[in-house]
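First the structure, in the form of C-alpha cells, and then the observations on it.
The values are calculated or read from the model by the stated rules, or taken from the named source; none is laboratory data. All values reported here derive from a predicted model rather than from experimental measurement. Glycine also receives a Cβ, built like all others from the backbone with ideal geometry; neighbour counts cover every protein chain displayed.
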Amino acid sequence: MSGPPPRAPLTPEQLADLEQAWAELAQAAERTGVTGLHACTRTGKPWEEDPVAVRALAATLRDIRDEDTAAGSQPAP
C-alpha cells in the first residue's frame, strides 16, 4: 500500500497565507474558550496545511460565539 504523493513545498506567499489563517483560528479559539479541536478531511489532504480549511474552522468558531451571544449567554472574555 502506497502513501499519498509527496506535496510540493509551500511558496513564501502560501506560507504567509497559512500563517495568517492560523492566527485567525487562534484568535477565534481564544475568544470562544476553545482549548483544543480535532478535525479531518474527506480527501486525505491535511486540513492543517490548507488556509481555506483553517479559516473555515475559525469562521465556525466565530459563528458559534455569535449564536451564543445572540442567545443571551456571555461570550468568553
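Kindly indicate the residue of region 1-47 that is hydroxyl-bearing (S, T, Y) and surrounded by fewer than 13 Cβ atoms within 10 Å (Cβ to Cβ) and also farthest from the chain's Cα centre (by Cα) among those meeting that condition.
S2
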> Has region 34-45 got any residue that is within 25 Å of A16 (Cβ to Cβ), free of Cβ contacts under 8 Å to residues at least 60 places away in the same chain and part of a helix (DSSP H, G or I)?
Replying inline: no
>> Against the definition (part of a helix (DSSP H, G or I), among the basic types (K, R), at pLDDT 90 or above and more than 10 Å from the chain's Cα centre (by Cα)), how does R55 come out, yes or no?
In response: no
